[in-house]
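Since the structure comes first, as structure tokens, the remarks are kept for the end.
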Amino acid sequence: MENVKTASKKMEKYAWLVLLSFGFMYLFFYNGRQNINLVMTQMAEDLGSTTTALGVVSSSLFWCYAFGQLINGRLGAFFGYKRFMIIGVIASAILNVAISFQHSIPVIAVLWGLNGFFQSMVWSNGLGVVNKWWPREKRGFATGLTTFFSGMAQVTTYLSVLLCLSLNPEWSWRAAFRYPMVPLMLSLIAFILFFKNSPADAGFSEEKREDPAAAALEKTIREKGYFYPYKLLFSEPKVIVFCLISAIAGIGRYGLLTWVPTYFMEQMGMAIKDGIFSSILLPFGQACAMFVFPIITDKLLKGKREPMLIIASVVTFCGMMVFPFIKSQLGASAMLFILGVFAMVTGVIWTIAGDIGGKALSSTVVGVFDWAVYMGAAVQAVMFGFVKDSFGWPAIFVIIGVLYIILLVLTLIARNMKTKI
């Protein structure tokens, strides 16, 4: 009995090491993805372009990230999660540095798109491995903490870019693609040392903790081939509905992250550093939601995820309708925090992905949902640049608000749906 307790504590320790090593590395991973959003105005001026054109450049990452997520959840399982993720991190850092030396918008768009593909090699595989280590009754906590690191990664990027612009102002926007890669590569060391693909890789017996249903599904997947999980998932109406929900969540999350710093600079006349500083409450609110919402669904809602989506949709709609009428920096910053919290529903979506996919298909379901999130992100990057130039800033917030009402309707449809997985 004592040996069982010792083994259980040791496994729990490893589960924490896996989660924290992945989370710590991901804390700096957005340094190679969100950095462009904070310097788009400077890039447009330096390269003689427009924010609409830079929006198209930004969207190249989202398109490639989206389709990368669709396949990389499976490719990670095939090639080995850890090895696959390390390649993604290193390649992303190299591409960011390469972009900092470019003077051509088309070249930057191509390199930024490639960066999107390599960035997509990390999230679904990392979260899938975390779900292998943490049981279902603690999945909301584990997913919440992991996505909290993802949310704080956005805050880290804001602070990193501010520091870079201060350290080397003569580099202008190019500094945002160079210095932030240093902490990302340093964080990779802890990831390499402590991240384990599965309990078996850490020396634990899989037989003692095997999930019979997951084992049977894994056997079926081996027999029916690589593409069978996609056939299985896309035959489920609930998965399709949550793909639509995920796409709207992507439009809301990245619509705000992409355009709010520019809004502060163009609409309120702030300098780039002041605009970034005022915008930081948005990703901080998103980080809080990523951590708290999944735990609420575990503890207070007893595993029911949909009610949290319903509440978030209503508050987000109201906030979006009010935001264009706020004229003070303090008021806008406070509303940004509220919108950051309630518009950020992907933490709940990842928990639902774990519930649907279980241990056998978790990384694949996360990949499918994240594909949908970034399809939404890609659409907003192109669409909102055009909307801003054609109809003005208020139209962006109205569109996002209406989309969250659609999200509410889809959630009401999905809450009673079952899956056969």
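Readers should treat all values here as calculations from the given coordinates under stated rules, not as data from a laboratory. A quick note: this is a predicted structure, and the numbers were derived from the prediction, not measured. Neighbour counts run over all protein chains shown; Cβ positions are idealised from the backbone, glycine included.
A compact globular protein would have a Cα radius of gyration near 2.2 N^0.38 Å; the ratio found for the stretch 346-421 is 1.38. Subtracting the Cα-Cα distance of C318 and E12 from 0.36 nm times their residue separation leaves 106.0 nm of extension gain.
Modelled label positions at E266 and D201, each set 7 Å beyond Cα in the direction of Cβ, lie 4.4 nm from each other.
Result for the chain in a Gaussian network model with C-alpha springs under 10 Å: among F194, F264, F101, the largest mean-square fluctuation is at F101. The order of the peptides 9-16, 20-27 by mean Cβ neighbours within 10 Å, most packed first, is 20-27, 9-16. One decimal place: the segment L244-I87 gains 53.5 nm when fully extended, by the rule 0.36 nm per residue minus the C-alpha distance.
Estimated purely from DSSP H runs of n ≥ 4, each contributing -39500 (n - 2.57), the mean residue ellipticity at 222 nm for the chain is -26500 deg cm²/dmol once divided by its residues. Given K9/K138; K82/K132; K13/K138; K82/K418; K138/K299, which pairs have Cα atoms separated by over 21 Å? Beyond 21 Å between Cα atoms: K82/K418. Globularity index of the chain is 0.95 (Cα radius of gyration / 2.2 N^0.38 Å, N = number of residues). Taking other residues whose beta carbon is less than 15 angstrom from the beta carbon of V155, and scoring Lys, Arg as +1 and Asp, Glu as -1, yields +2.
Taking Lys and Arg as +1 and Asp and Glu as -1, the other residues whose beta-carbon sits under 14 Å from that of I296 total +3. When you count the other C-beta atoms within 10 angstrom of each residue and take the mean per peptide, 91-100, 159-168 line up highest first as 91-100, 159-168. Once backbone amide H atoms are built at 1.01 Å from N, G303 has D298 as its partners under 5 Å, excluding neighbours fewer than 5 places away on the same chain.
Of K132, K299, K231, the residue with the greatest mean-square motion in the GNM of the chain, using alpha carbon springs below 10 Å, is K231. Charged neighbours of I94, selected by a Cβ distance under 15 Å, balance to +2 (K, R count +1; D, E count -1). Which one of V345, V56, V409 has the biggest mean-square fluctuation once the chain is modelled by GNM with Cα springs under 10 Å? Looking only at V345, V56, V409, the biggest GNM fluctuation is shown by V409.
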